[in-house]
1. Among the residues that make up region 128-137, is at least one of them within 16 Å of ligand 2 (Cβ to nearest atom) and open to solvent by 40 Å² or more (accessible area, probe 1.4 Å)?
2. Kindly indicate the residue of region 149-162 that is in a helix (DSSP H, G or I) and touching a Ser or Thr at 6+ places or on another chain (Cβ under 9 Å) and also most open to solvent (accessible area, probe 1.4 Å) among those meeting that condition.
3. Sort out which residues of region 1-60 are within 13 Å of ligand 1 (Cβ to nearest atom), in contact with a strand residue (DSSP E or B) (Cβ under 9 Å, 6 or more places away or on another chain), more than 20 Å from I199 (Cβ to Cβ) and of a type in the set (S, T, N, Q), and write them in order of number.
4. Could you list, in sequence order, all residues of region 50-64 that are assigned to a helix (DSSP H, G or I), surrounded by fewer than 14 Cβ atoms within 10 Å (Cβ to Cβ) and in contact (Cβ under 8 Å) with a residue 12 or more places away in the chain?
5. Is it the case, given these coordinates, that P170 is at pLDDT 95 or above and away from ligand 2 (no atom under 14 Å from the Cβ)?
6. Could you go through region 13-33 and let me know if any residue there is on the phi > 0 side of the Ramachandran plot and either surrounded by fewer than 17 Cβ atoms within 10 Å (Cβ to Cβ) or without any contact (Cβ under 8 Å) to a residue 24 or more places away in the chain (or both).
7. Only residues that are more than 30 Å from H51 (Cα to Cα) and in a strand (DSSP E or B): list them for region 97-130, please.
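The values are calculated or read from the model by the stated rules, or taken from the named source; none is laboratory data. None of the values given here were measured: they were computed from a predicted structure. In this analysis, Cβ positions are derived from the backbone assuming ideal geometry, glycine residues included, and neighbour counts consider all displayed protein chains. We work out accessible area using only protein heavy atoms, side chains counted, and drop any ligands, DNA or RNA first. Shrake-Rupley method; radii C 1.70, N 1.55, O 1.52, S 1.80 Å.
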Amino acid sequence: MGKHTIIAIAGASASGKSLFASTVYQELVAELGCERIAIISEDAYYRDQSHLSMAQRVLTNYDHPSAFEHQLLASHLLALRDGQAVKVPQYSYTLHTRTEETLLVQPAKVILVEGILLLTDKHLRRQFDITVFMDTPLDVCLLRRMKRDLEERGRSISSVAEQYENTVRPAFFEFIAPSKQYADLVVTRGGKNQIAIDIIKTKIRQLLAEK
Ligand SMILES: Nc1ncnc2c1ncn2[C@@H]1O[C@H](COP(=O)(O)OP(=O)(O)O)[C@@H](O)[C@H]1O
Ligand SMILES: Nc1ccn([C@@H]2O[C@H](COP(=O)(O)O)[C@@H](O)[C@H]2O)c(=O)n1
């Protein structure tokens, strides 16, 4: 591995990717400092839709690769590897588009990236040094997504159910499940699997000691 290590955490929506990634990040940043570890979400790279009306935005398939600007994410990961800071877009799930703000992410030795389709894109896959797949049963994901989307993303029971049936579930079988083959590590039991969290933390500490 080179000077920088990029760790991808993929899996179904609400499988626990962001809880897993943010727990690893929070538990290590206090110990290592923010110049050594950074975190990015694939969701920040949903395409900007500010030119579309709300009625048009809700028609987008947010589980299809075309909804993401993966090229921008790939170029940001390359820049971070090259020691340059990047301006990561910020995304609103209620407005279905990017906000005006960006977040300046500084280059770090270890970069955690989490998102549903990270392992489906061969250009992105080339950027990852370590790949993790959150293997949480789909019924558990649906229950957690329902709760989260009602509480945090301004959705209704019927909109979550309709979107799940029309795009989320089909995209899981078409894109996400087949991408599990590219994972180095498969994690069961969601974002609170402390043994898996500790394994990744130990690997990160080991990599940093070598750099
Ligand atoms: N092992 C777990 N036990 C209980 N709740 C969990 C667990 N893993 C994740 N969650 C919860 O499920 C919801 C979805 O998890 P999240 O990490 O946001 O998923 P993802 O990033 O994969 O969409 C969140 O509310 C999170 O706190
Ligand atoms: N405007 C949007 C954008 C995305 N979604 C859904 O988010 C899911 C991915 O995020 P996770 O945190 O759940 O991994 C994806 O399944 C999209 O359906 C949305 O509903 N609206």
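1. There is at least one residue in region 128-137 that is within 16 Å of ligand 2 (Cβ to nearest atom) and open to solvent by 40 Å² or more (accessible area, probe 1.4 Å).
2. Checking each candidate, the answer is L150.
3. Listed by number, the list holds a single entry, S41.
4. Once the filter is applied, which keeps residues that are assigned to a helix (DSSP H, G or I), surrounded by fewer than 14 Cβ atoms within 10 Å (Cβ to Cβ) and in contact (Cβ under 8 Å) with a residue 12 or more places away in the chain, region 50-64 yields only M54.
5. Working: at pLDDT 95 or above: yes; away from ligand 2 (no atom under 14 Å from the Cβ): no.
So P170 does not fit the description; no.
6. yes
7. Of everything in region 97-130, those that are more than 30 Å from H51 (Cα to Cα) and in a strand (DSSP E or B) turn out to be V110, I111, L112, I130.
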